[in-house]
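Derivation of every value follows stated rules applied to the coordinates shown; laboratory data play no part. For clarity, every value in this text was computed on a predicted model and none was experimentally measured. As a convention, Cβ positions derive from the backbone with ideal geometry for all residues, glycine included, and neighbour counts pool all protein chains shown.
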Amino acid sequence: MLRPTLNELISGMQRTIIEALMPELTSPYAQNQAMSAIGMLAHAAAILESAPAYDAAEIKDLRTTFAAIKRLGDKHLSKKSGLRGALARATRASTKAPPDRRAMEAAMAEFTTAVALGQADDRVARHVRGYLGRHLERSRVLLGGASPSA
Amino acid sequence: MDQLRLTEYLKRKMPHASGLRVVGLKRISGGSSRETYAFELEWIEDGNQRTRPMIGRRDPTGGLLKSDREREFRVIDAMHRAGLKVPEPLFLELDASVMDRPFFIMHRAPGQTGMGAFPAAEPESTRLKVANDFIGELARLQSLDYRECGLEILGAPKNLEDPARIQTAHWNDIYERDRMDEQYPILTAAFAWLKANPVVSDRIVIVHGDYRSGNYLYDENGIIAMLDWEMAHLGDPMEDLGWASMLFWGRDEFAGGLMEREAFYRLYEEKTGNPIDRKRLFFYQVLGNAKMAVICLTGIRDFVERRTSDAVMPFLELLLPQLLGDLANQLRLV
């Protein structure tokens with residue numbers, strides 16, 4: 001294994017900022033920026049560790065959700081809504097190797113819009129809402145639920 | 001900002017002053033859409049030694065917003081003349097050769113500020129005074145005639161349907177520009193909803209554009225000055241109220257950490273004499289969440305594309321789950 005590992009390197013950079021740089025910084029702005037940089041490194045370490053699993057779960061969930069919508073059949077996707085085309089694009093994107101995540105998310109944006117505008121069939125909407133709920137939960141786990149008051 | 005160049009500039013602007021000195025010039029955090037500097041200005045006038053705390057706001061190389069510093073200065077100036085609680089604006093310099101980028105100088109008001117919701121640790125008496133001033137200043141702002149204030153420069157909507165349409169289109173355009181080809185299904189759906197459900201204003205008022213907890217200086221006697229006027233425009237009075245009362249700035253039943261949300265609304269109705277149109281308020285709360293998410297995307301893009309090195313910018317990503325979650329709840333997407 002190569003040493004330092006990525007985590008050891010990041011942790012070392014944080015110590016450098018705290019122990020070597022911070023005592024030399026007199027401006028409050030520079031001190032705040034240094035503190036933010038320390039936080040950024042911690043965030044980077046967490047993301048590096050968690051992002052692959054997050055990405056894999058997102059792709060799997062998008063694929064599963066579109067497959068479930070497809071199983072409902074065309075009668076649940078009105079021609080007018082344009083969702084049949086979106087589903088076809090999502091299906092093509094999900095069978096690519098590697099899957100085209102952006103194309104799947106673009107299709108999901110069309111389905112989400114249809115739900116927001118009340119233009120989606122109830123059973124389709126249930127699948128879309130299910131995906132969005134899980135997607136938000138995964139995002140919160142990955143990034144946290146920060147707000148300015150937190 | 002360079003101390004020597006700033007001193008020379010202020011000497012030219014204040015020919016009556018002698019012995020003028022810029023003391024303790026330092027960049028401070030906050031006001032992320034501009035570089036913000038604090039300093040003391042010392043000079044002799046009529047034989048008397050004078051000292052005044054000052055703020056310099058310079059255009060950034062990148063950041064959260066692409067706004068017009070002249071517009072911001074003119075609005076603060078108009079608000080100051082109208083007697084609202086704002087820092088006194090002093091000098092606007094648009095010539096980029098003076099200090100590399102346009103900037104303006106204003107009085108530095110005393111008091112403290114916060115990042116977002118009003119600090120829960122403050123005494124209740126302070127919180128209630130700040131809440132009362134917060135709504136009171138909003139009511140005063142909305143009672144002003146923008147023409148009498150000389151603020152036609154902000155661009156008056158042509159009719160009462162325009163405010164919702166203009167703001168939706170404005171932030172949707174920035175979303176399309178700054179999302180860096182990424183897909184945000186909830187945000188895309190929110191803009192589609194806003195376009196499909198426009199509201200009609202009952203009048204055109206001056207809108208602060210970022211009227212919220214965290215954008216004022218206060219002490220134990222209440223609000224001293226409302227800050228950050230760079231997003232000011234003309235529009236629907238519900239826009240500022242919707243933004244100020246978004247769950248995002250409070251995260252509980254206390255709007256902005258100031259006052260229980262329904263009491264907050266009642267106080268607004270009492271101070272303005274206008275009943276709240278809940279449908280319009282909801283529209284602007286949805287728009288507010290979408291707008292804040294887009295502001296985050298702009299900051300992230302500027303960081304990624306190296307227009308800013310501000311270490312706060314990448315953390316804006318952390319705000320997205322909350323904003324998108326709030327939008328999903330509002331639009332019944334979960």
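Summary of computed values
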{"quantity": "Cα long-axis angle, helix B:69-81 against chain B (0 to 90 degrees, to the nearest 10)", "calculated": "80 degrees"}
{"quantity": "Separation of alpha-carbon centers, the range B:206-258 and the range B:39-99, rounded to whole Å", "calculated": "21 Å"}
{"quantity": "Spin-label pair residue B:95/residue A:1, simplified geometry with 7 Å Cα→Cβ offset, distance in nm", "calculated": "6.2 nm"}
{"quantity": "FRET efficiency, residue B:112 to residue A:96 (Cβ-Cβ, R0 41 Å, nearest 0.05)", "calculated": "0.15"}
{"quantity": "Loop trypsin sites (Lys or Arg not before Pro), the range B:188-265, which have at most 15 other Cβ atoms in a 10 Å radius of their Cβ (DSSP)", "calculated": "B:203"}
{"quantity": "Cβ neighbours within 10 Å from other chains - mean over A:107-120", "calculated": "6"}
{"quantity": "Where labels lie 7 Å past Cα in the beta-carbon direction, separation of residue A:67 and residue B:124 in nm", "calculated": "5.7 nm"}
{"quantity": "In the range B:269-334, trypsin sites (Lys or Arg not before Pro) in a DSSP loop with at most 12 other beta-carbon atoms within 10 Å", "calculated": "B:306, B:332"}
{"quantity": "Shielding score for B:177-186, defined as the mean number of other chain Cβ atoms within 10 Å", "calculated": "4"}
{"quantity": "Other-chain or far-sequence residues with amide H under 5 Å of residue B:50's (modelled H)", "calculated": "B:43, B:44, B:45"}
{"quantity": "Nearest-0.05 FRET efficiency for residue A:79 and residue A:50, computed from C-beta distance (R0 56 Å)", "calculated": "0.85"}
{"quantity": "Trypsin sites (Lys or Arg not before Pro) restricted to DSSP loop in the range A:65-150 with at most 12 other C-beta within 10 Å", "calculated": "A:96"}
{"quantity": "Folded to 0 to 90 degrees: helix B:3-13 orientation relative to chain B principal axis, Cα", "calculated": "80 degrees"}
{"quantity": "FRET E, pair residue B:182, residue B:270, Förster distance 45 Å, beta-carbon r, rounded to 0.05", "calculated": "0.55"}
{"quantity": "Cα gyration tensor, chain B - rounded (a/c under 1.5), prolate or oblate", "calculated": "prolate"}
{"quantity": "Peptide-level mean, for B:311-318, of C-beta atoms on other protein chains within 10 Å", "calculated": "6"}
{"quantity": "Greater than 19 Å apart at Cα, pairs in B:195/B:291; B:85/B:129; B:129/B:271; B:85/B:279; B:26/B:85; A:70/B:195", "calculated": "B:85/B:279; B:26/B:85; A:70/B:195"}
{"quantity": "Global form of the protein assembly as shown, assessed from the alpha-carbon gyration tensor, a/c cut-off 1.5", "calculated": "oblate"}
